[in-house]
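The values are calculated or read from the model by the stated rules, or taken from the named source; none is laboratory data. Since this is a predicted model, take the numbers as computed values, not measurements. Note that we place each Cβ from the backbone using ideal geometry, even for glycine, and neighbour counts take in every protein chain shown. Protein only, heavy atoms only, side chains kept; ligands, DNA and RNA dropped before computing areas. Shrake-Rupley method; radii C 1.70, N 1.55, O 1.52, S 1.80 Å.
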Amino acid sequence: MWMIYIIGFIISLGLALGLTPLVKKFAFAVGAVDVPNARKVHTRIMPRLGGLGIFASFIIAMLLLFPFIPEIFTLREVNFIKAFLVGGSITVLLGALDDRFDLPAKLKFLVQIATACIVVFGFDIRIEFANIPFHSYAAVETWIAIPFTILWIVGVTNAINLIDGLDGLAAGVSAIAIGTIAVMAFVMGNVMVALLCLLLLGSILGFLFFNFHPAKIFMGDSGALFLGFCLALLSLLGFKQVAIVSFLTPLILIGVPLSDTMFAIVRRWMQKKPIFSPDKGHLHHCLRELGFSHRQTVLIIYGIAAFFGVLAVIQSSAAMYNANWVTFVVICVMVFFLQIGAEIIGLIGKTKRPVLDFFGRLRMKVGEERGSK
């Protein structure tokens, strides 16, 4: 399998490098382009549909490798692969149509729900057991498992779209998250998840060669929705048994888009603005306002995503041995750095810095006490 992993990664990487320029020409030919406006960073018309290059590279690589893969997958894992391919195909098609025709948000949402239902009801993919922090594995009732699984798939499918605001940002963050899942899959011995992750990783890195600043092509919704869907399924399912999910690990894996969304909701609520109204207060906007260049901003967010990835690996490994104190430490570290980082960057607001203000007052008080002595 190690040879198959390496060859699969190289094939998908090479395919993405070769197919992406063709996708770029196709996007211009059909008019799937992104026109600059006040909220966007780029200043010239850019081709979309980059997700087609990622998807095509992944599918072709998988078809080429399939005859050489040992028959070691269980029936449930085969169903998961089928659900992955069918759901991913529908998602890419939806995104590609949106890249060209700018589909209504309600229509996209309905199709995403339908796709999630196909995965859940058509292929019987759902959460069956949950490893909740400070609690052992417990069976999840069907009436809870089905809606939660559908909600998770739809929510994470859209998560990557929220950070797709700079060249190479969404692709790089997705690559880091999928690479993290691959590491956990290797550690826990899940051949199927590891193979899918490496094929995806090669496809993303090949596309990223053309997407990193200055980008020659955008992934568009075809890429953002597809990668979100992939993360939803890969992070939802366990890495030792397909049916088991750790309650915390998937949330950490998508920590960058999840935290950015959370702070955006808080920020708009405090400013008495509609929660879904667009603004320029997202993580990448704030970093640019602090004076970081385009590339520096992207690399900083890559670092944040890698930090979340390390936490996910630590927490997932601890969950295998029921080391709940590690989970508690991970939660505390994550929440602390999220809050401090948000206040420094200004994700909530320029003047809302309760934790930093508290430490400032504490430092002044300590200084005064030392001065009085």
Could you check, for the stretch 265-279, whether at least one of its residues is open to solvent by 20 Å² or more (accessible area, probe 1.4 Å), of a type in the set (Ser, Thr, Tyr), farther than 18 Å from Ile176 by Cβ and touching a helix residue (DSSP H, G or I) at 6+ places or on another chain (Cβ under 7 Å)? yes
Of all helices (runs of 4 or more DSSP H) fully inside the stretch 146-240, the set with 1 or more residues that are in contact (Cβ under 8 Å) with a residue 40 or more places away in the chain and under 19 Å from Asp260 (Cα atoms) is 169-188, 220-236
Can you tell me which residue within the stretch 241-279, out of those that are of a type in the set (A, V, I, L, M) and assigned to a loop (DSSP other than H, G, I, E, B), is modelled with the highest pLDDT? Ile254
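Here's the yes/no breakdown for (1) open to solvent by 70 Å² or more (accessible area, probe 1.4 Å); (2) outside any helix (DSSP H, G or I); (3) under 22 Å from Leu225 (Cβ atoms):
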position: Ile10; (1), (2), (3): yes, no, no
position: Ala16; (1), (2), (3): no, no, yes
position: Thr20; (1), (2), (3): no, no, yes
position: Val23; (1), (2), (3): no, no, yes
position: Arg44; (1), (2), (3): yes, yes, no
position: Gly51; (1), (2), (3): no, no, yes
position: Ala56; (1), (2), (3): no, no, yes
position: Met62; (1), (2), (3): no, no, yes
position: Ile72; (1), (2), (3): yes, yes, no
Kindly indicate whether any position in the stretch 54-67 is at pLDDT 95 or above and in contact with a strand residue (DSSP E or B) (Cβ under 9 Å, 6 or more places away or on another chain). no
Being over 16 Å from Leu236 (Cα atoms), at pLDDT 90 or above and not hydrophobic (A, V, I, L, M, F, W, C) is the filter here; which residues of the stretch 90-146 pass it? Thr91, Gly95, Asp98, Asp99, Arg100, Asp102, Pro104, Lys106, Lys108, Gln112, Gly122
Could you grab the pairs with beta carbons closer than 9 Å, sequence gap of 6+ or different chains, first residue in the stretch 18-29 and within 10 Å of Gly50 (Cα to Cα), second one surrounded by 12 or more Cβ atoms within 10 Å (Cβ to Cβ) and basic (Lys, Arg)? Thr20/Lys216; Pro21/Lys216; Lys24/Lys216; Ala27/Arg48; Ala27/Arg100
Which numbered condition trips up Asp102, out of (1) open to solvent by 60 Å² or more (accessible area, probe 1.4 Å); (2) on the phi < 0 side of the Ramachandran plot? (2)
Residue selected from the stretch 74-94 under the condition open to solvent by 40 Å² or more (accessible area, probe 1.4 Å) and of a type in the set (S, T, N, Q), by the criterion nearest to Ile178 (Cα to Cα): Ser89
So how many residues does the stretch 289-304 have that are surrounded by fewer than 18 Cβ atoms within 10 Å (Cβ to Cβ) and either within 10 Å of Leu166 (Cβ to Cβ) or not hydrophobic (A, V, I, L, M, F, W, C) (or both)? 7
